[in-house]
1. Scanning for something among the acidic types (D, E) and closer than 24 Å to V86 by Cβ, does segment 22-35 turn up at least one residue?
2. May I ask you to list the residues in segment 95-127 that are part of a helix (DSSP H, G or I) and among the hydroxyl-bearing types (S, T, Y)?
3. Six or more apart or on different chains, Cβ under 9 Å: which pairs go from a residue in segment 44-65 that's touching a residue at least 40 places away in the same chain (Cβ under 8 Å) to one that's of a type in the set (S, T, Y) and part of a loop (DSSP other than H, G, I, E, B)? Could you list them?
4. Within segment 13-41, track down each residue that is modelled with pLDDT of 90 or more, small (G, A, S) and open to solvent by 60 Å² or more (accessible area, probe 1.4 Å).
5. Looking at L8, is it without any contact (Cβ under 8 Å) to a residue 60 or more places away in the chain and either open to solvent by 70 Å² or more (accessible area, probe 1.4 Å) or charged (D, E, K, R) (or both)?
6. Looking at this structure, is S36 within 19 Å of R117 (Cβ to Cβ) and among the polar types (S, T, N, Q)?
Amino acid sequence: ALPCGLGLGGIGGCGRQHWPWVSMWESVGAFVHAMSLSQGYGPLNVVGPEEVTAGSFARAFARAVDRPLFGRMPASLLRGVMGEQVDGLIMSTRVAPSGLRRSGYAFALPGVESALRWEVGRVRPTDVGVDLV
């Protein structure tokens, strides 16, 4: 968040890697929802409903904090600076909330940009999918 807030944010690696994401609001909501289910639905992936890549996530975050992106940062450069910690940035994982949807959960923040705006305190009324009060 700090580099992006300073206008130095960028896309890690190639930008095409899939990133599962979820807001804190949805995490709590999904767990409360799961505990209230009268029947089992099996495993529930607690991830946001919008599939994003590292590039689209970085662009959404830059828009959420109203800052530009610096550009792409090659994985080799990131590995030199961050060491093994970079693996979390450059890996790709596709996860969908299929079971959560089937169980009837309604996402309050269905888009990654709206969720990021919520997390940084810049949510707009059009960002939310349900009444949050």
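The values are calculated or read from the model by the stated rules, or taken from the named source; none is laboratory data. Owing to the predicted nature of the structure, the values given are computational and were not obtained by experimental measurement. Cβ: placed from backbone, ideal geometry, glycine included. Neighbour counts: every protein chain shown. SASA here: full protein model, heavy atoms, side chains in, ligands and nucleic acids out. Shrake-Rupley method; radii C 1.70, N 1.55, O 1.52, S 1.80 Å.
1. Going through segment 22-35, the residues among the acidic types (D, E) turn out to be 26.
Next cut, closer than 24 Å to V86 by Cβ only: none.
No, there is no match, as no residue in segment 22-35 is among the acidic types (D, E) and closer than 24 Å to V86 by Cβ.
2. So the first thing to find is which residues in segment 95-127 are part of a helix (DSSP H, G or I), and the list is 98-102, 112-119, 125-127.
The answer is S98, S114, T126.
3. Taking only residues 6 or more apart or on different chains, the pairs are L44/S103; L44/Y105; G48/S23; A54/S92.
4. S36
5. Working: without any contact (Cβ under 8 Å) to a residue 60 or more places away in the chain: no; either open to solvent by 70 Å² or more (accessible area, probe 1.4 Å) or charged (D, E, K, R) (or both): yes.
No.
6. Values: within 19 Å of R117 (Cβ to Cβ): no; among the polar types (S, T, N, Q): yes.
No: the conditions fail for S36.
Yes/no matrix, rows are residues, columns are (1) open to solvent by less than 50 Å² (accessible area, probe 1.4 Å); (2) among the basic types (K, R):
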residue	(1), (2)
G48	yes, no
E51	no, no
G80	no, no
R94	no, yes
S114	yes, no
E119	no, no
